[in-house]
Structures are given as structure tokens and as C-alpha cells.
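Structure record follows, encoded as C-alpha cells.
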Amino acid sequence: MARRLTTARLIVASHNAGKVREIAALLEPLGVEAVGAAALGLAEPEETGDTFVANAALKARAAATASGEPALADDSGLVVPALDGAPGIYSARWAGPGKDFRVAMNRIQRELAAGGHEIVGAAAYFICALSLGWPDGDCETVEGRADGTLTFPPRGPHGFGYDPIFVPDGRARTFGEMPPEEKQPLTHRARAFEQLATLFRSGQ
Ligand code: IMP
């Protein structure tokens, strides 16, 4: 049973300034102020879970228990079923220490080819697990998903990560070719937020 959020601010359990900004913008219409974990000097826990949900929950719980306030965490990534779900929870790590997503996108193309799979048009989806943690260790986790197909070579100057190879269902352009206002409503993150907003309002 979900708990109602009664406070006007939430700790965002991320040290990534871009992610904190994006989450703050999604929380604003709900009348909730977002405060980044880095601003509070909270430590970043290791992502030891083997699912998006487990990693989001462990980050939310760690921030909520350390700060004594409700905390929100997300964990996201790209899933390619033909690659047995890779890169999945390792999506950030596939870019290497230099965080170069050309490396990660090339690896997807290479592994699809090596497995004899269709490359352009391969099914893929983004997942975002969002977890709302409470200082007593309780937490609520929801998941949002955006389905699409892959295309190579990568296209478009916008977005981040795997955006240039992902074509959402029903569209011809990649996320990388879409300006933020066009991509935003189609994302796994927005879909996860819709569910959280429902929890906030209904408390069910
Ligand atoms: P996290 O910060 O551990 O959740 O890692 C998520 C990784 O998944 C990011 O580094 C991105 O590469 C990838 N990712 C998540 N959401 C998106 C998106 O909307 N577009 C492109 N890549 C994404």
C-alpha cells in the first residue's frame, strides 16, 4: 500500500546535476521542491542490485535514511531483447570510464551483427524505475517503459546516452533528433512519473 507524500520537498538521490534538474522539472507541477543529494553531502551508494527496481530502491532508501526526509531515486537504461536484455542495468557502464556513448552504441551494433540479428529495426526499450523512499526504510517503486526500434548509424544532436539510435514506436525520428519538448512526453521517465503522481494524489 503506497504512502501519501505529505512533505513539500523531496531529496533527489542522484549526484548527476542533469538528472536532478530533469526530476525537479517533473516534480514542480506537483508542488514538490527537489533537493539534490550532493547539496546535502549525502554519499552515493554502490548500485549492487540486479534489476532497475532494486537499484532505484536501494538509492532511495539510502538517501532517505541518511537525510531523515523522503527521497526519490531513479535507475534507467536501454534493453535490447536480442542481446538477452543488454546493456540493461549496465547501460551507463557500457560507455566506459570516458562516458563515451559512441563506444556503447557501436558495441550494440557489433553484438547484434555477431549474433546474426537484424540491426536496423531491432526491438529495444528504455526502462525507468523510480523509487520513493521513507526515512523508516519503507519505499514505493514504479516503472515506466518506452518501446521502439534501433537504427544505425546514430542520428541527431539532441538528448544524451543512447538517444541517437532509438526510434520510439509510431515515430520516424530518433530521440536524438527530437528537441527536449518533443522527446519528454514520450519517455520512460515521464511514464514512471505519471504513476508516481497518481500515488501522490490518491495515496493508494
Ligand atoms: P543510471 O544513471 O545508472 O540510471 O544510468 C542510466 C543510463 O541509461 C544512462 O547513462 C543512459 O546512457 C541510459 N539512458 C537512460 N535514459 C535514457 C534516455 O532517455 N535516453 C538515452 N539514454 C538513456
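For the reader, a short list of remarks on this structure follows.
- FRET efficiency for ALA24 and GLU118, using Cβ-Cβ distance with R0 set to 22 Å, rounded to 0.05: 0.05
- By the helix-only formula, in which each DSSP H run with n ≥ 4 contributes -39500 (n - 2.57) and the sum is divided by residues, the chain has a 222 nm mean residue ellipticity of -9000 deg cm²/dmol.
- A 1.4 Å probe run over the chain, with the rest of the protein chains in place, finds 48 Å² accessible per residue.
- Potential extension, TYR90-THR65 segment - 0.36 nm per residue separation minus Cα distance: 6.4 nm
- Full-extension gain in nm, ARG4 to ARG102, via 0.36 nm per residue minus C-alpha separation: 31.1 nm
- Surrounding net charge for SER131, when Lys and Arg each add one and Asp and Glu each subtract one, Cβ distance under 9 Å: -1
- With bins 10 Å wide beginning at 0, the percent of Cα pairs of segment 64-119 falling in each bin runs 21, 40, 20, 13, 6, 0.
- Considering every alpha-carbon pair of the chain, the percent of pairs per 10 Å bin, from zero through the bin containing the longest distance, is 9, 35, 34, 18, 4, 0.
- Counting protein heavy atoms only, the chain has 52 percent of its accessible area on carbon and sulfur, 1.4 angstrom probe.
- Extension gain for the segment PHE152 to LEU40, taken as residue separation times 0.36 nm less the Cα-Cα distance, is 36.2 nm to one decimal.
- Of the listed residues SER91, SER76, the order by accessible area with a 1.4 Å probe, largest first, is SER76, SER91.
- Loop-located chymotrypsin sites (Phe, Trp or Tyr not before Pro) in segment 80-174 whose Cβ has at most 15 other Cβ within 10 Å (DSSP): PHE160
- Here's the list of lysines a cross-link from LYS59 could span, going by alpha-carbon distance under 17 Å and ignoring same-chain residues fewer than 8 apart: LYS19.
- Cβ-based charge dipole, the chain, positive-most Cα from PRO135, ALA197, PRO157: PRO157
The values are calculated or read from the model by the stated rules, or taken from the named source; none is laboratory data. Keep in mind the model is a prediction, meaning the values are calculated, not measured. Neighbour counts run over all protein chains shown; Cβ positions are idealised from the backbone, glycine included. The protein model used for the area step is the full one, side chains on, heavy atoms only, and it has no ligands, DNA or RNA in it. Shrake-Rupley method; radii C 1.70, N 1.55, O 1.52, S 1.80 Å.
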